[in-house]
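Below is one structure, written out as structure tokens; comments come after it.
The values are calculated or read from the model by the stated rules, or taken from the named source; none is laboratory data. Keep in mind the model is a prediction, meaning the values are calculated, not measured. Heads up, the Cβs are rebuilt from the backbone with ideal geometry, glycines too, and the neighbour counts pull from every protein chain shown.
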């Protein structure tokens, strides 16, 4: 306080001296002292305001280089505070983009980027034995032991085969649990140990003591209630039984790794003389690649033509998902780009409005670099604020994503791992800094080049050519980005529409399937009888052999057929359906020719039209004879039906032949149920009715609608996501066009006033504004459409029934973009039309 | 209004530095007079507006101030350009030389008369 007062006194003294010197000067010029004093006061100006200003300055710290950064930031903060709406818009738009990006990246990170949770997980591979070309297994006992003992690419090799569809009983639980038949080494490779009891020893395996079983941790917990007396219990499967000696440890519980979540593990001893194929689980040596492994297998098996399938533990899931994921990430990246272009444009618009302020700063001694630095600092502050906000939103968004991915049947088992971890946060912050610098760079460069004088002159035209150009460039970028987003979402929505509209060849409405289970206590007949008693059930058909894979796990049983009387071509493979005669009726498959067979008629067969044409050409196939390998023999064609899309909505038609059921395999029957009413209620009723003959049937009962829903889930999810991205993109783009157009109109008020004064009609003015917006929109389309085409070619394989070259997509998107442009520019153009020449010229 | 004052304040800091460089230590009144003279009355400033600039420059270390006695025996504060101020002036002049208009002309006039 004391110092302050001293300073004040000194200042007062200094100013007084100044005044007196002034007064002296006037007196010297011959002016009376009183008048001289008055003039001196006049020349000096307000004493009090000078004192005020100096006092104000004292409170401000001196800008040492260390503090300079702080000043820049403070100034930037102040500038943002002065324009709250501008700042909120820029930050809000960026936050939307960054949130989308962060949430998407958290999913990508969890599903694609996170390393496997087991030691050397990325070196663990499974090797398929089957050679699809030669139609045989390539890895026999001999090859296995060669690999096991002498492989140059693998340092650990185990046999590993998972059996599905076999009924097992342990305690009072019976179901078709997957069973792993594996050699002891598999536990070492997968780096798991027993949490309870023990694993079987290599010695036991070598001695052939293979009547033991190890249970998976999750299976033990969930299906057996984690009971501690599980050791010593018996697993019965087929006609063998196995004594439980151990349970895998909790550390092995990684549901995303399918191999590890197998419920039951049984010793699978590989004999040297074992023929036929076997699956292999192996760990590669650290410096080897999968193709090296494949090469070794080729030379070891003496099959140079064979391409062994060497896959990582998560490859299948990652392969299936990665393109969808990168697509979503790319789309969210576009949103960020859009936010950036938008922000850059808003900042440019504002820096034009702020031209005088910036020039002022320059004249205060701020260098061009300093002014530019200030703007970049503003950009950084904005983007960091946006990121902070985006991270808050992301906390919620990531939770939502985890919930959605975990609950929707998208088949993403890593979904529980979706989280805002350090890597995701770092990515968000880094992207914030990059975007902040990126979108403020151009405005900053432009501002640093403001010619001080022109800006300070009142009424000087405030649009400089360079900025106008940049602003147009940003707007074109925005429109182009929106175009790309729209094209992409259009393509996916159209694909979805087409997929849903696909004709399966089966009337799936009011159809229920009850998938095969061997645990029917009452047998198939009992199940059939119960089904028939359910109200609303019209008829039930049985099928064994091949199934419509949408209704449960796809089982592919083929048969090799040829025409007996007109061998036009070599025999070929078709799907072998074994069905009851009412199957066609129940499934809603209409006959093209002939009809189904009568019960008991000898060796009938129904072909689909493709098979019929291939075997018999255009002639009438009815009554012709077909030789088949399974069921072996000669069969008489009784009917022809259309092909059905057995493998799935998006799969090709499969050739098929239908034979009477295989009585020996009736336990495996899929039951197709035709109903009269809504399937959901009836399905629930069926589950209830079947409960006494086999608990837990619910999971094996599918309605046609549900099946389609599940099959199209990924597609619907993606189309939905892309639509949201597209919609957000359109909104941001529209906001950008609106903001730029209205700021241009504001700046050109004088010009517009002059033109109106010279006779331009409001209509002409409005038209001109609209035309300029449409020109820019057109330019954006001209850039966006080729980019969109190029981008969408990259994921052409994800599309269905539509190609990236589809003109209608681009026409539609162009229409939307133009409409959005016009709507966004409508308000500013009307404002332009309402400019009052007199007011604007006086201003 | 305050904006306009600011403008001249900012420009003033440069003028002040240049004046001090050309004339050596000088008190506020002397600086004000010199600026008015040099600009041939193109600039008419309120002398009061000089002081915030001077205080700021002192804070920034571009000039320093000592109490002394004026020609007509008045106690007055004398300002003197420092080495840092000299450097800043050189840098600023270089930039200002690239601009056209009043500032450039001002600097040019100053240069030719000193």
Matching residues in region A:272-287 - criterion: being part of a loop (DSSP other than H, G, I, E, B) and modelled with pLDDT of 85 or more:
A:272, A:273, A:279, A:285, A:286, A:287
Which one of these does residue B:101 not meet: (1) facing chain A (nearest Cβ under 9 Å); (2) modelled with pLDDT of 80 or more; (3) more than 24 Å from residue A:11 (Cβ to Cβ)?
(2)
Which members of region A:783-798 meet the condition of being in a helix (DSSP H, G or I) and in contact with a helix residue (DSSP H, G or I) (Cβ under 8 Å, 6 or more places away or on another chain)?
A:783, A:784, A:785, A:787, A:788, A:789, A:791, A:792, A:797, A:798
Does region A:484-502 contain any residue that is buried (at least 18 other Cβ atoms within 10 Å of the Cβ), in contact with a strand residue (DSSP E or B) (Cβ under 9 Å, 6 or more places away or on another chain) and modelled with pLDDT of 85 or more?
no
Regarding region A:131-150, can at least one residue be identified that is under 35 Å from the mean Cα position of the chain (by Cα) and crowded, with 21+ Cβ neighbours inside 10 Å?
no
Lone unmet requirement of (1) closer than 29 Å to residue A:38 by Cα; (2) over 10 Å from the mean Cα position of the chain (by Cα); (3) more than 9 Å from every other protein chain (Cβ to nearest Cβ); (4) at pLDDT 80 or above for residue B:39
(4)
Long-range neighbours under 6 Å by Cβ, at least six apart or interchain, first residue facing chain A (nearest Cβ under 8 Å) within region B:45-74, second surrounded by fewer than 18 Cβ atoms within 10 Å (Cβ to Cβ) and assigned to a helix (DSSP H, G or I)
B:52/A:57; B:55/A:57; B:56/A:57; B:61/B:84
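Rundown of residues vs (1) within 28 Å of residue A:498 (Cα to Cα); (2) touching a strand residue (DSSP E or B) at 6+ places or on another chain (Cβ under 9 Å), yes/no style:
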position	(1), (2)
A:688	no, no
A:702	yes, yes
A:721	yes, no
A:728	yes, no
A:747	no, no
A:761	no, no
Within region A:608-621, is even one residue in a strand (DSSP E or B) and crowded, with 16+ Cβ neighbours inside 10 Å?
yes
Just to be sure, is residue A:372 within 14 Å of chain B (Cβ to nearest Cβ), modelled with pLDDT of 75 or more, surrounded by fewer than 24 Cβ atoms within 10 Å (Cβ to Cβ) and in a helix (DSSP H, G or I)?
yes
Tell me, yes or no, whether region A:414-427 has at least one residue that is assigned to a loop (DSSP other than H, G, I, E, B), within 27 Å of residue A:383 (Cα to Cα) and at pLDDT below 75.
no
Please pick out the residue among A:734, A:760 that is assigned to a helix (DSSP H, G or I) and in contact with a helix residue (DSSP H, G or I) (Cβ under 9 Å, 6 or more places away or on another chain).
A:734
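Of the residues A:52, A:14, A:25, which single one is modelled with pLDDT of 75 or more, in contact with a strand residue (DSSP E or B) (Cβ under 9 Å, 6 or more places away or on another chain) and part of a helix (DSSP H, G or I)?
Unique residue meeting the criteria: A:14.
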Here are some residues: A:227, A:288, A:283, A:298. Which one is more than 19 Å from residue A:160 (Cα to Cα), touching a helix residue (DSSP H, G or I) at 6+ places or on another chain (Cβ under 9 Å) and surrounded by 13 or more Cβ atoms within 10 Å (Cβ to Cβ)?
A:288
